[in-house]
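Quick notes on the structure that follows.
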Amino acid sequence: MSARFNMATAHAAAYKAGIGMEAALQNSFLTPIQKELIKIRASQINACAFCLDMHTKDALKYGETPQRIFLLNAWRDAKELFTEEEQVILMVAEEITLISQKGLSEETYQKAKALFNETQIADIIMAAVSINMWNRIAISTHLPIGK
């Protein structure tokens, strides 16, 4: 599959706005590993090879274990490997990624609210929104995986 075009040059202003969203998330409460877990899990759901390649490599650089990356797609069956906070973060990320199914469910929102304040929940939601945007750009433009 060959790349179709470069979104950064074809629509520079919109692409720059996406980069701005990423920059805003640099100041979130989320740790680098938590951000990568969101990015990997959403990218698994969306089947975005480019983003999976990038973010699994980034997660390893931040100290994530291969085992947790390998089992992320089945994290509910490997809960002992993920903290309660990470499990709720993953629930929110999945429901945002699969927004048309049920939205962010009340059950998941209440779990998030028990652990995080509104600003932190907003950080989680925006991190999920951001990677979903990048997944859609990478998939629709056929962005090739890195070497």
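Over the Cα atoms of the chain, Rg to Rh with Kirkwood Rh, two decimal places?
On the Cα set of the chain, Rg over Rh gives 0.96.
Quote to one decimal, in nm, the extra length available between residue 8 and residue 107 on full extension: 0.36 nm per residue of separation minus the C-alpha distance between them. If you can, show how the numbers build up before the last one.
Working: separation 99, 0.36 × 99 = 35.64 nm, distance 3.81 nm.
Answer, rounded to one decimal: 31.8 nm.
At a Cα cut-off below 12 Å, give the aspartates and glutamates reachable from residue 111, other chains included and same-chain residues fewer than 8 away excluded.
Answer for residue 111, where 12 Å is the Cα cut-off: 84, 85, 86, listed by chain and number.
Rounded to the nearest 10 Å², what accessible area does residue 142 have for a 1.4 Å probe in the complete protein model?
Spelled out: residue 142, probe radius 1.4 Å, area about 40 Å².
Please list 75, 134 in order of solvent-accessible area, largest first, computed with a 1.4 Å probe with all protein chains present. Spell out each step's value before the answer.
Details: 75 5, 134 40 Å².
Result of the area sort, largest leading: 134, 75.
Please work out how much accessible surface residue 2 shows to a 1.4 Å probe, ignoring ligands, DNA and RNA, in Å² rounded to 10.
90
Sorted by accessible area (1.4 Å probe), largest first, how do 90, 143 line up?
Working: 90 0, 143 70 Å².
Correct descending sequence by accessible area is 143, 90.
Could you compute how much accessible surface residue 62 exposes when probed at 1.4 Å, giving the result in Å² to the nearest 10?
130
Ignoring ligands, DNA and RNA, how do 85, 95 rank by accessible area with a 1.4 Å probe, largest first? Mind dumping the intermediate values first?
Values: 85 70, 95 20 Å².
The residues order as 85, 95, largest area first.
Would you please state the base-10 log of I(q)/I(0) at q = 0.18, 0.19, 0.25, 0.26 1/Å for the stretch 56-98, with intensities from the Debye formula using one equal scatterer on every alpha carbon?
With no solvent term, the Cα-only Debye profile gives -0.54, -0.60, -0.96, -1.01.
Which FRET efficiency value, to the nearest 0.05, do you get for residue 85 and residue 140 by plugging their Cβ-Cβ distance into 1/(1 + (r/R0)^6) with R0 = 41 Å?
Numbers: r = 33 Å, r/R0 = 0.79.
That pair, residue 85 with residue 140, gives E of 0.80.
Can you give the FRET efficiency to the nearest 0.05 for residue 100 and residue 76, using r as the Cβ-Cβ distance and R₀ = 30 Å?
Working: r = 21 Å, r/R0 = 0.69.
According to the calculation, E is roughly 0.90.
Considering only Cα-Cα distances, which of the following residue pairs are longer than 21 Å: 39/61; 16/39; 16/102; 61/113? Could you put the intermediate results ahead of the total?
On the way: 39/61 14 Å; 16/39 19 Å; 16/102 31 Å; 61/113 30 Å.
Pairs exceeding 21 Å: 16/102; 61/113.
Quick one: Cα centre-to-centre distance for the stretch 82-101 and the stretch 6-21, in angstrom?
Result: 27 Å between the Cα centres.
Does anyone have the angle between helix 32-46 and the longest principal axis of the chain? Alpha-carbon axes, 0 to 90°, nearest 10?
70
The values are calculated or read from the model by the stated rules, or taken from the named source; none is laboratory data. Predicted, not measured: the structure shown is a model, and the values here were computed from it. Neighbour counts run over all protein chains shown; Cβ positions are idealised from the backbone, glycine included. What goes into the accessible areas is simple: the full protein's heavy atoms, side chains included, and nothing from ligands, DNA or RNA. Shrake-Rupley method; radii C 1.70, N 1.55, O 1.52, S 1.80 Å.
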